[in-house]
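Here's the structure we're looking at; comments come further down.
The values are calculated or read from the model by the stated rules, or taken from the named source; none is laboratory data. Quantities reported herein were computed from a predicted structural model and do not represent experimental measurements. With ideal geometry, Cβ positions are generated from the backbone for all residues, glycine too; neighbour counts draw on all protein chains shown. Accessible surface is based on the protein model in full, side chains and every heavy atom, while ligands, DNA and RNA are left aside. Shrake-Rupley method; radii C 1.70, N 1.55, O 1.52, S 1.80 Å.
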Amino acid sequence: MRGVRREGGRGGGMCSVPGLQADCEALLGAFQEADTVRFERFAELWRERRFHAIFYGRIRALERNKFTKKTLELVQQYFLPPYAFQIRVGALYLLYGLYSTQLCQPKQKIRIALKDWPEVQRFQQDLIESQHYDAAYIFRKLRVARAFHFTAMPKLLNYRTKKKIQENEFKEEFKDPSNRVNSLITNDVLEELMNIHDHYQKMKCVISADKSQPDKALSLIKDEFVVNLKDITLEHQEWQQKRMKLFLNAKDADEIPNREEEGTSLASEGSERANALAKIKYRSYSAVAEASKSRRHRQVKLESSDSGSDYGKSQSRSRKNSKRPQAARNRGSAEIQGEMRTMKETLTRHVGMPVITEEETSDEEEVPLPKRKKRR
Amino acid sequence: MFNGCSVHCSSVDMLLPPDEEKDPEVIPEDSSLLTLRIRKKALERREETIIVDRACRQETLAYEMESHAIGKRPDNPVDLVEEGELLLTLNIFYPVIFQKHKDHKPYQTVLVLGSQKLTELRDSISCVSDLQIGGEFSNQPDQAPEHISKDLYKSAFFYFEGIFYNDKRYPECRDLSRTIIEWSESHDRGYGNLQSAKMEDYTFNDLSLRIGFPYLFCHQGNCEHIIIITDIRLIHHDDCLDRNLYPLLIKKHWLCTRKCFVCKMYTARWVTNKDSLAPEDPCFFCDVCFRMLHYDAEGNKLGEFLAYPYVDPGIFN
């Protein structure tokens with residue numbers, strides 16, 4: 001009898017599911033390394049590991065329900081931002097695999113919170129637009145199988161004493177390189193700042209004695225404020241890319257020796273991109289801002305669907321791939337901020353803020369370069 | 001360009017195990033999965049230490065409670081829960097302050113539909129204080145059941161977001177919240193503008209609620225249950241769709257029961273004080289033993305004692 005009782009007492013022992021996170025991350029990691037979003041490849045990786053067996057072993061119904069719930073809850077998190085596009089697709093496949101191979105009767109459901117649903121829909125739209133039809137199909141299959149619970153909160157609340165709670169830490173490598181800084185200081189914001197700054201300068205000139213130059217008394221902010229801000233953002237972006245590379249290199253340093261080269265080539269590619277971005281930025285500063293604004297979003301969209309439609313297995317393609325959600329997010333935030341921006345734009349027009357092309361542009365382009373050299 | 005067809009035919013098959021590996025009880029020998037290696041070790045350890053490997057009563061009960069209504073459909077189509085209905089998960093805590101419940105307060109978990117009235121939840125909450133019987137009954141033990149508190153004191157209220165929802169369905173119901181509101185207003189104690197409403201006029205859909213926030217259910221004057229909404233979601237095809245089964249109890253606390261001092265078998269129904277026949281004061285008895293010991297064949301009281309009906313907290317086990 002004693003044995004039986006103890007058994008019952010340990011009913012909740014499986015709660016945290018030891019080892020599960022490592023297994024899931026290993027699978028997603030392999031999928032990321034495979035540099036693809038094809039379901040075929042995922043299924044291969046799944047079969048290699050015989051992942052269906054994750055639910056095997058003598059587990060009684062109550063515990064099995066609990067364990068399955070935990071499993072779906074864990075994997076579901078990789079399906080949402082901040083994870084990169086590829087990881088999210090991998091998580092979608094993994095959810096599908098786990099959902100369909102689970103042994104619970106009826107099946108345990110995947111919780112999707114109200115706040116995450118728009119994000120999921122946007123993701124689905126992305127899949128379709130970039131013609132990842134296998135992923136879109138898998139998502140649709142889950143919908144049709146009624147695999148989702150539409151909930152108010154991501155997790156079912158559970159009250160326990162403090163000592164048992166521990167924060168889950170997820171893999172840095174899976175995360176989308178985009179971040180708060182990038183989403184806060186977008187090209188638009190920089191441009192807007194630049195315009196305001198120019199306008200400010202000009203106003204100062206107008207009220208100054210010498211019309212070509214503002215009075216010394218009026219110099220209350222640093223002139224190169226916007227440029228500095230842009231430099232800092234770029235610097236941050238580069239630092240982040242480097243850190244990512246360090247992660248990756250540290251991971252498979254002993255596995256593939258020539259990965260290093262690849263890494264550096266990627267690095268230079270990354271900073272090239274940054275440079276190009278900066279150039280585009282400055283060119284657009286000299287152009288008429290209002291006209292470019294609405295069009296640029298469309299360009300982003302176009303670019304994303306373009307990159308999706310050519311299915312080369314090349315490195316560059318997958319890189320583009322993993323960058324897509326960033327574009328998507330920008331687009332998303334653009335939607336959210338849309339109202340504000342239109343307001344701003346109308347405001348801008350009301351003030352009749354001019355876009356001035358001045359000699360500033362020329363020396364701006366030189367300022368960031370020496371700095372970057374210094375850091376190298 | 002891309003051949004999506006290969007997926008269409010066999011997306012699940014691509015993930016399913018080969019036939020020889022289809023026994024879910026057996027963990028494959030050479031699995032590379034860490035989870036399975038850990039589980040295997042745990043199971044082996046269990047096999048070594050355990051004598052009887054089966055679910056204990058608590059576990060069976062918990063599973064039974066959790067799953068008994070899943071997928072049920074009503075006989076009458078009128079009672080079918082409609083698509084898009086909200087399903088709330090409520091934890092109703094018990095006002096127990098025993099030391100052993102310091103870390104884990106007993107509660108029951110109830111599923112309620114958004115379109116249900118607050119009174120439907122109120123009627124489904126089972127609490128021992130509703131079953132208390134006041135008074136001393138050593139002279140007429142048969143009359144005790146007529147004095148159950150539930151029938152005598154019908155007032156109750158829920159407190160959600162600054163509003164007291166009072167049960168006013170019966171003429172004898174009192175506004176239990178009045179004293180609280182008056183107390184709050186009398187010295188401007190900073191609880192804002194508390195209001196009261198009729199419980200029977202509101203459904204859960206009418207309320208604006210916060211998940212995880214402790215609310216209150218109060219009945220019998222001062223029996224206070226914390227209520228926490230842990231989840232709100234849309235109803236699912238696999239849920240119980242029989243409206244009549246809601247509020248649906250899916251989890252129950254399990255409390256130790258006090259046993260009869262004589263037979264040591266049945267749950268106590270009586271407690272006596274100053275009992276010349278009992279070794280302890282107070283002393284607990286089940287109904288059969290109590291009558292056998294304290295009354296003769298004609299039902300006459302033997303010896304001196306005071307007898308009170310006793311309702312055990314574990315009565316709902």
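Of the residues A:186, B:272, ranked by 1.4 Å probe accessible area with the largest first, the sequence reads A:186, B:272. Within the listed set B:288, B:52, B:271, the residue fluctuating most in the Gaussian network model of chain B (springs between alpha-carbon atoms under 10 angstrom) is B:52. Name the GluC sites (Glu not before Pro) in the stretch B:214-299 that are in a loop by DSSP and that have at most 11 other C-beta atoms within 10 Å, would you? Sites meeting the loop and neighbour criteria: B:280, B:298. What percent does the relative contact order of the stretch B:100-211 come to when contacts are Cα pairs within less than 8 Å and at least six residues apart? The value is 30 percent. From helices alone, chain B scores -5500 deg cm²/dmol at 222 nm; the rule is -39500 (n - 2.57) for each run of n ≥ 4 DSSP H residues, then divide by the residue total. The residue among B:141, B:207, B:226 whose Cα reaches farthest toward the positive pole of the charge dipole of the stretch B:129-280, with charges on the beta-carbon of Lys, Arg, Asp and Glu, is B:141. From zero up to wherever the largest Cα-Cα distance of the stretch B:160-263 sits, split into 10 Å bins and tell me the percent of pairs in each. Pair shares across the bins are 10, 31, 32, 17, 8, 1. Counting lysine pairs in the stretch B:182-305 whose alpha carbons fall under 30 angstrom apart, excluding pairs fewer than 8 residues apart on the same chain, gives 10. Placing unit charges on the Cβ atoms only, positive for Lys and Arg and negative for Asp and Glu, gives chain B a dipole magnitude near 880 debye about its Cα centre. Over chain B, what is the mean sequence separation of C-alpha contacts under 8 Å (at least six apart), divided by residue count, expressed as relative contact order in percent? Contact order relative to length: 22 percent. Peptide A:48-55 has a mean shielding of 6, counted as Cβ atoms of other protein chains within 10 Å of each residue's Cβ. Seen from residue B:304, the other residues with C-beta closer than 13 Å to its C-beta sum to a net charge of -1, counting Lys and Arg as +1 and Asp and Glu as -1. Sorting B:96, A:206 by accessible area puts them as A:206, B:96; the probe is 1.4 Å, largest comes first, and only protein heavy atoms count.
Counting heavy atoms of the protein chains alone, residue B:276 has an accessible area of about 80 Å² for a 1.4 Å probe. For the stretch A:23-62, a Kirkwood radius taken over Cα pairs fed into Stokes-Einstein (20 °C, viscosity 1.002 mPa s) yields D = 190 µm²/s.
Computed from Cα atoms, the angle from the helix B:34-49 axis to the main principal axis of chain B rounds to 50 degrees. Computing Rg and the Kirkwood Rh from the Cα coordinates of the stretch A:23-122 gives a ratio, Rg/Rh, of 0.97. The angle between the Cα long axis of helix B:57-67 and the longest principal axis of the Cα atoms of chain B comes to about 70 degrees, rounded to the nearest 10.
Multiplying each eigenvalue of the alpha-carbon gyration tensor of the stretch B:275-317 by 5 and taking the square root yields semi-axes of 21, 13, 8 Å, largest first, rounded to whole angstroms. If you sort A:143, B:291 by accessible surface, 1.4 Å probe, largest first, the order is A:143, B:291. Excluding residue B:73 itself, what net charge comes from residues whose Cβ is under 10 Å from its Cβ, given Lys and Arg +1 and Asp and Glu -1? Residues close to residue B:73 contribute a combined charge of -2.
Rounded to the nearest 20, the size of the Cβ-charge dipole of the stretch A:41-123 about its Cα centre is 300 debye, with Lys and Arg at +1 and Asp and Glu at -1. For residue B:217, neighbours were defined as the other residues whose beta-carbon sits under 11 Å from its Cβ, and their charges (Lys and Arg +1, Asp and Glu -1) total -1.
Amide hydrogen proximity for residue B:216: with H placed 1.01 Å from N in the peptide plane, the residues at 5 or more positions away or on another chain lying under 5 Å are B:159, B:227. For residue A:26 and residue B:80, the FRET efficiency from 1/(1 + (r/R0)^6), where r spans their Cβ atoms and R0 equals 45 Å, is about 0.50.
Across the stretch B:230-317, Cα-Cα distances exceeding 17 Å account for 60% of all pairs. Under a Gaussian network description of chain B, with springs only between Cα atoms under 10 Å, the residue in B:223, B:56, B:289 that fluctuates furthest is B:56. For chain B, the calculated P(r), taken from all Cα-Cα distances in 20 Å bins from zero up to the bin holding the longest distance, is 22, 43, 28, 6, 1 percent.
Take the accessible area of chain B alone and of chain A alone, subtract that of the pair, and you get about 5600 Å² summed over both chains, using a 1.4 Å probe. A Gaussian network model of chain B, with springs between Cα atoms under 10 Å, assigns the largest mean-square fluctuation among B:210, B:45, B:169 to B:45.
If you keep only loop residues by DSSP, which trypsin sites (Lys or Arg not before Pro) in the stretch A:64-133 have at most 15 other Cβ atoms within 10 Å of their Cβ?
Here the trypsin sites (Lys or Arg not before Pro) that fit, given the DSSP loop and packing criteria, are A:115.
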